[in-house]
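Visitor: Structure provided below as structure tokens; questions to follow.
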Amino acid sequence: MPQERERPDACPGAVDVHQAADGGLARVRVPGGTLSAVQFDALRGAALELGDGSLELTSRANVQIRGLRPGDEHVLGALLADVGLLPSRTHERMRNIIAAPLEDNQALVDEIDRALCAVDELADLPGRFLVTVGAGVSGLGGDIGLVGDALFLAGTDSGLRVTDPVAAVVAASRLFQEIRGSAWRLSEVDSGVRKITDALGVPGSERLVPTVTPVAPGVHGDAVVAGVPLGRLDARLLAGVPVRITPWRSVVVPLGTDTSGLFTSPDSPWHGVSACTGRPGCAKSLSDVRADVTAWIGTPHAGRVHWSGCARRCGRPAGDVVEYVATGDGYEEIR
């Protein structure tokens, strides 16, 4: 039987915002992470005029605007619609598609996004539903994924090989919606992967290994990958620049872009360091996490480090990471 949830999925949307301690929190889905200069400027302007002046980048390459006043979500929705960032009011929370950010895959992402939004019943998919496109993000726990012609389900290669990847993603999404009950993720549905593979075809014996290939800060061909400290971008930066947001809270920008306020070297002390929102934005946090991290930066560390304001450990990246969890009397280190 599908796993039963004690509470409904409350993922925020662009208009259906979450009321945080610092005001309304809007999460704008950006399938594939790609934003034209016009679209990014619209988000920057919204953060400066309606929010707290910053854009939060998420691990799904989406963008959050915080500090909205009551009613501002409707103004934001109109702004987003004008630049094509709100193509479907009914489906906007389920438009989570992450893609390998240095690959030429945005056209495929856009086609998948349009196809999913065209199916009425998929509007009820949970806000945690995730599609991945590309080998480098196949290990990020997507419900449905594509690596070439390989169809991934619940983060693993199903063994199915598809000739029409868009149709396969739509078919698998519809099957997930039929069998999920109140489950949020395919991995939570008993025999969910088997049920979908049985319906779609006969899996082969060759299986690809899920991988995660973070893009390091620095120059990559005609682009620069710039890290955003703690994933919080000053909305005054990168005016008039097209960006591609990565699942590692960095941005890909054209070579020659002014990256002041960001970091473009893997040797930066900010590289690999992440944190939850903390106080004052989150009422459950036991500490001003971002201030504590800023004071700590410069302390030698190896690998990834994540700071959390409470035991919920929000925003923790997948894989090996050293964690510092606020206890109300300092931090507990978890390895």
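Visitor: Show that you can apply the helix-only estimate: for the chain, add -39,500 (n - 2.57) for every DSSP H stretch of four or more residues, divide by all residues, and state [θ] at 222 nm to the nearest 500.
Guide: For the chain, the value works out to -6000 deg cm²/dmol.
Visitor: Tell me which residues come under 5 Å, amide H to amide H, from V133 once H is placed; ignore anything under 5 positions away on its chain.
Guide: Excluding prolines and chain starts, which carry no amide H, the hits are I98, A99, A100, L146.
Visitor: While we're on this one: Indicate, rounded to the nearest 5 percent, the antiparallel portion of the DSSP beta bridges found entirely in the chain.
Guide: So the antiparallel bridges in the chain amount to around 75 percent.
Visitor: Related question: Given H placed on each backbone N at 1.01 Å, which residues far from W307 in sequence or on other chains put an amide H within less than 5 Å of it?
Guide: Long-range HN contacts for W307: S274, A275, C276, Y324.
Visitor: How large is the dipole of the chain about the Cα centre if only Lys and Arg carry +1 and Asp and Glu carry -1, each at its Cβ, rounded to the nearest 20 debye?
Guide: 420
Visitor: Leaving out ligands and nucleic acids, and using a 1.4 Å probe, what accessible area per residue does the chain come to in Å²?
Guide: Averaged over the residues of the chain, the accessible area is 44 Å².
Visitor: Now for a different question. Quick check: Cα centre of the stretch 80-149 to Cα centre of the stretch 236-255, how many Å?
Guide: 19
Visitor: Can you tally the net charge around H306? Count Lys and Arg as +1, Asp and Glu as -1, for every other residue whose Cβ sits under 10 Å from the Cβ of H306.
Guide: With Lys, Arg at +1 and Asp, Glu at -1, the neighbours total +2.
Visitor: So between V212 and V119, what do we pick up on full extension, going 0.36 nm a residue minus the alpha carbon distance?
Guide: Value of the extension gain: 30.5 nm.
Visitor: Also, quick follow-up: Among G272, G330, L48, which residue has its Cα positioned farthest towards the positive end of the charge dipole of the chain, with +1 placed on the Cβ of Lys and Arg, -1 on the Cβ of Asp and Glu, and the dipole taken about the Cα centre?
Guide: Farthest along the dipole direction, towards plus: G330.
Visitor: While we're on this one: Carbon-plus-sulfur fraction of the accessible area of the chain, 1.4 Å probe, in percent?
Guide: 52
Visitor: Determine the percent antiparallel among the DSSP beta bridges restricted to the stretch 57-168, to the nearest 5.
Guide: Percent antiparallel among DSSP bridges in the stretch 57-168 is about 55.
Visitor: Can you tell which of G240, G13, G23 shows the greatest fluctuation in a Gaussian network model of the chain with Cα springs below 10 Å?
Guide: G240
Visitor: By per-residue mean of other Cβ atoms within 10 Å, what is the highest-first order of 273-286, 189-202?
Guide: 273-286, 189-202
Visitor: Taking amide H positions as placed 1.01 Å from N in the peptide plane, with prolines and chain starts having none, which residues 5 or more places from V28, or on another chain, fall under 5 Å of its amide H?
Guide: Excluding prolines and chain starts, which carry no amide H, the hits are V63, Q64, I65.
Visitor: Enumerate the calculated ³J(HN,Hα) couplings along the stretch 141-152 in order (Karplus 6.51 cos²θ - 1.76 cosθ + 1.60, θ = phi - 60°), each rounded to whole Hz, writing x wherever the residue is Gly or Pro.
Guide: Working through the residues one at a time gives x, x, 6, 9, x, 10, 10, x, 9, 8, 9, 9 Hz.
Visitor: Then there is this: What is the stretch 46-152's relative contact order, in percent, from Cα pairs under 8 angstrom and six or more apart in sequence?
Guide: 18
Visitor: Please report the orientation-averaged projected area of the stretch 76-204, defined via the convex hull of its C-alpha atoms, in nm².
Guide: Directional mean of the projected Cα hull area for the stretch 76-204 stands at 7.9 nm².
The values are calculated or read from the model by the stated rules, or taken from the named source; none is laboratory data. The structure presented is a predicted model; accordingly, all values stated were derived computationally and were not measured. In this analysis, Cβ positions are derived from the backbone assuming ideal geometry, glycine residues included, and neighbour counts consider all displayed protein chains. Areas reflect the complete protein model, heavy atoms only, side chains present, ligands, DNA and RNA absent. Shrake-Rupley method; radii C 1.70, N 1.55, O 1.52, S 1.80 Å.
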